[in-house]
Amino acid sequence: MKKRLFAFIFIISLANIATRYAAAQNAAQVSAAQNASGQKLNVNFYGVYSNSGDKSMLEMTRNLYFAQLKEMENVTVADKSSAAFFSTENGELQIMLPETPSENSTVSFFVEIETSGNGKWQSILHANSENSEKKIKLKKDYTSYYKILTEAKTAISETLALYTSQTEYSELAKPASGTSAASSASASAAAIEQNQTAAKTAHTTTEAIAGTWHGEDFIDKIVILRGGRGFIIYKNGATMNINISITSDSREGSTINITQAGKPNASFFPELSRKTALENAPNAEPLEWQLTLTDSNTMQGSKKTLIEDENSPSGASQGTASVTWVRK
């Protein structure tokens, strides 16, 4: 019993430290998405659902998530967890609202935590419009429960950033009422094109693109942090630190510049044979990406890297390749 109590107190201490640290590191992530409109994001917090039977741990987790939401800039949160009713019908967690929502601009936010039974955990963060027209779901896998607590603030920021960015770009695609099927299809096509144009010409920030991205055959994930830093994890196990900067043009919009930070590594060139990569890596220029947003969750552009070159004595030379990154 004493061991269990000590472990519980230890986890609470870790969670409190994580709350203060994460608040300082990530409080601005949603703020950037809201600053343009000057409005706060209204959030109704409906608590945490879990298949774990530890009620005290679940209550502590609920309190932690609510405290972190309250500390976020440009977010107004109301605790609705006492009125929450969850349903797992059809194998998917759904929240049953006790009353008809009065404002569709309010976000319903709740968290689902599952255990696989082998010590690993998964959190699923939900951000839905109160009229259920829009639903955002962000899944995170963890090797222990306490990591859910220490990394909760980042997960909340990513989820709300996804929600707000999708709101900005999806407004253009709403069809007008009373239109025919043919005109609706035509309007939808025009809206998609307009939506893509808006994404390309919009002036973005590192906070707005913060999150986890996927793209390229040999890359497992790309993580962009607020403040212009991040890292890339390759499928071969190598990790590259990256710096992110954004240049803006009044007509062309924003260009996202991503540059390798740190020493060169042959593992950063998995497209090449191992022998060629080892020979060329020491003198290779840092990898660079120049990307633009095509919508709120997609970036496209070019990557400056080493490519195979039969005419080069070393077997490779500097070149470019087209790439697409998609937010997870």
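The values are calculated or read from the model by the stated rules, or taken from the named source; none is laboratory data. Model, not experiment: these values are computed from the prediction. Virtual Cβ from ideal backbone geometry, glycine too; neighbours counted across all protein chains shown. Note: areas computed on protein heavy atoms with side chains; ligands, DNA, RNA excluded. Shrake-Rupley method; radii C 1.70, N 1.55, O 1.52, S 1.80 Å.
From the residues in segment 283-300 that are open to solvent by less than 30 Å² (accessible area, probe 1.4 Å) and in a loop (DSSP other than H, G, I, E, B), which one is modelled with the highest pLDDT?
Checking each candidate, the answer is Leu287.
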Set Asn280, Asn243, Asn257, Asn236: member being in contact (Cβ under 8 Å) with a residue 24 or more places away in the chain, polar (S, T, N, Q) and part of a strand (DSSP E or B) = Asn257
Can you name every residue in segment 301-328 that is more than 20 Å from Met240 (Cα to Cα) and open to solvent by 50 Å² or more (accessible area, probe 1.4 Å)?
-> Glu308, Glu310, Asn311, Pro313
Return the residue satisfying two criteria in turn: it lies in segment 260-274 and is assigned to a helix (DSSP H, G or I) and without any contact (Cβ under 8 Å) to a residue 24 or more places away in the chain, and of such residues it is surrounded by the fewest Cβ atoms within 10 Å (Cβ to Cβ).
-> Arg274
Gly237 vs. criteria surrounded by fewer than 16 Cβ atoms within 10 Å (Cβ to Cβ) and either over 24 Å from the mean Cα position of the chain (by Cα) or among the aliphatic types (A, V, I, L, M) (or both) = no
Could you tell me whether any residue of segment 190-207 is modelled with pLDDT of 60 or more, open to solvent by less than 80 Å² (accessible area, probe 1.4 Å) and in contact with a helix residue (DSSP H, G or I) (Cβ under 6 Å, 6 or more places away or on another chain)?
-> yes
By residue number, the members of segment 121-148 that are open to solvent by 70 Å² or more (accessible area, probe 1.4 Å) and either β-branched (Val, Ile, Thr) or touching a Phe, Trp or Tyr at 6+ places or on another chain (Cβ under 7 Å) (or both) are Thr143
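Inside segment 83-183, counting only strands (runs of 3 or more DSSP E) that do not spill past its ends, which hold 2 or more residues that are among the hydroxyl-bearing types (Ser, Thr, Tyr) and at pLDDT 65 or above?
107-115, 121-129
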Residues located in segment 105-120, provided they are polar (S, T, N, Q), surrounded by fewer than 20 Cβ atoms within 10 Å (Cβ to Cβ) and in contact (Cβ under 8 Å) with a residue 24 or more places away in the chain = Ser105, Thr106, Thr115
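Kindly provide the set of residues from segment 301-322 that are among the small types (Gly, Ala, Ser), in a strand (DSSP E or B) and in contact with a helix residue (DSSP H, G or I) (Cβ under 8 Å, 6 or more places away or on another chain), ordered by number.
Residue satisfying the conditions is Ala316 alone.
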Residue list for segment 227-243, filter: among the aromatic types (Phe, Trp, Tyr) and touching a helix residue (DSSP H, G or I) at 6+ places or on another chain (Cβ under 8 Å) | Tyr234
Among the residues listed as Gln318, Gln260, the single one being within 27 Å of Leu162 (Cβ to Cβ) and at pLDDT 90 or above = Gln260
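Hey, among Gln318, Gln300, which residue is touching a residue at least 24 places away in the same chain (Cβ under 8 Å) and in contact with a Lys or Arg (Cβ under 9 Å, 6 or more places away or on another chain)? Give the derivation first.
On the way: Gln300 fails: in contact with a Lys or Arg (Cβ under 9 Å, 6 or more places away or on another chain).
Criteria check complete, one pass: Gln318.
Yes or no, residue by residue, for (1) of a type outside the set (A, V, I, L, M); (2) closer than 20 Å to Ala161 by Cα:
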site	(1), (2)
Asp217	yes, no
Ile222	no, yes
Thr239	yes, no
Ser245	yes, yes
Phe268	yes, no
Trp289	yes, no
Thr298	yes, yes
Ile307	no, no
